[in-house]
1. Which pairs turn up if I take residues in segment 49-75 that are over 28 Å from residue 213 (Cα atoms) and without any contact (Cβ under 8 Å) to a residue 24 or more places away in the chain and look for partners that are within 10 Å of the ligand (Cβ to nearest atom) and not in a loop (DSSP other than H, G, I, E, B) with beta carbon separation below 9 Å, at least 6 apart in sequence or on another chain?
2. Say we look at segment 213-225 and pick out the residues that are in contact (Cβ under 8 Å) with a residue 60 or more places away in the chain and more than 15 Å from residue 103 (Cα to Cα); which of these is surrounded by the most Cβ atoms within 10 Å (Cβ to Cβ)?
3. When the residues of segment 112-153 are narrowed to those that are in a loop (DSSP other than H, G, I, E, B) and within 16 Å of the ligand (Cβ to nearest atom), which ends up surrounded by the most Cβ atoms within 10 Å (Cβ to Cβ)?
4. Out of the residues in segment 49-86 meeting the condition of being near the ligand (Cβ under 9 Å from one of its atoms) and part of a strand (DSSP E or B), tell me which one is farthest from residue 239 (Cα to Cα).
5. Residue under question is residue 93, and the condition is that it be away from the ligand (no atom under 12 Å from the Cβ), under 18 Å from the mean Cα position of the chain (by Cα), more than 17 Å from residue 234 (Cβ to Cβ) and surrounded by fewer than 23 Cβ atoms within 10 Å (Cβ to Cβ); does it hold?
Ligand SMILES: [Zn+2]
């Protein structure tokens, strides 16, 4: 009995030391994907990211006759993940719950109500912040989202938050851009630029041979003066939900766009990490907004 118990202890010690030797050290390279991290690694990831997290937002909508429905989600995740690998940040999982009412007549469009779009964004950034993302950069990948996202950022001043929301817009073009083959003014949705970018992010999903099956021309069916806005403007121009000429896309332009967009996000992550003022001013603002009559005013 004694013998066997001391033997067991010796075996246990041996096993423990063997286990100790095999215990994996913290990974040298933490994944930037929120969903790939273990809970313990998530904690390290938030520290390493200095509380800076990305929320890339795409959409489910038709993209001309030649690009996939999830095009914007695929592209925005490609550039966000690449940027976060260069300047560490935690990237939230697939999110595509944006504004796309204007494509409801096309197959595959997922258009959530406006109330849900705002509520889901709020609950998502709240949950991100509760998990340590005190600086949330929403990286937009869809041309129909800017009004929603800017309004969402503005509405963060409605009630106090212990975190800051930033919005990074689409930034695919810049100085040194290769010449375009199509008219820049008409090159929008699924056109030359966007198709070129997709040829880098997911070349396997680009059907360049189908790009001429439909017209991406501007029909200009509603004529209004500059500064006068109406919701049907897009459908009036592009009823095929296609704007431009995807057929003339090239990998050369795509490589430039991907690099430009990734650099813009890297720059945004660095700027946000360095930004100490936004949260301080937000807190000051929320405090003052509780008693506006005490705010000093010029007589
Ligand atoms: Zn798009």
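Bear in mind these aren't lab numbers, they're just calculated from the coordinates by the rules spelled out. Everything numeric here is computed off the predicted structure, so don't read it as measured data. Because the Cβ atoms are built from the backbone with ideal geometry, glycine has one as well, and the counts that use them run over all protein chains shown.
1. none
2. It comes out as 214.
3. That would be 141.
4. Filtering segment 49-86 for residues that are near the ligand (Cβ under 9 Å from one of its atoms) and part of a strand (DSSP E or B), the one farthest from residue 239 (Cα to Cα) comes out as 67.
5. Considered against the rule, which asks whether it is away from the ligand (no atom under 12 Å from the Cβ), under 18 Å from the mean Cα position of the chain (by Cα), more than 17 Å from residue 234 (Cβ to Cβ) and surrounded by fewer than 23 Cβ atoms within 10 Å (Cβ to Cβ), residue 93 comes out as yes.
For every residue, the table says whether it meets (1) surrounded by fewer than 19 Cβ atoms within 10 Å (Cβ to Cβ); (2) under 20 Å from residue 240 (Cα atoms); (3) away from the ligand (no atom under 16 Å from the Cβ).
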| site | (1), (2), (3) |
| --- | --- |
| 155 | yes, no, yes |
| 163 | no, no, yes |
| 179 | yes, no, yes |
| 200 | no, no, no |
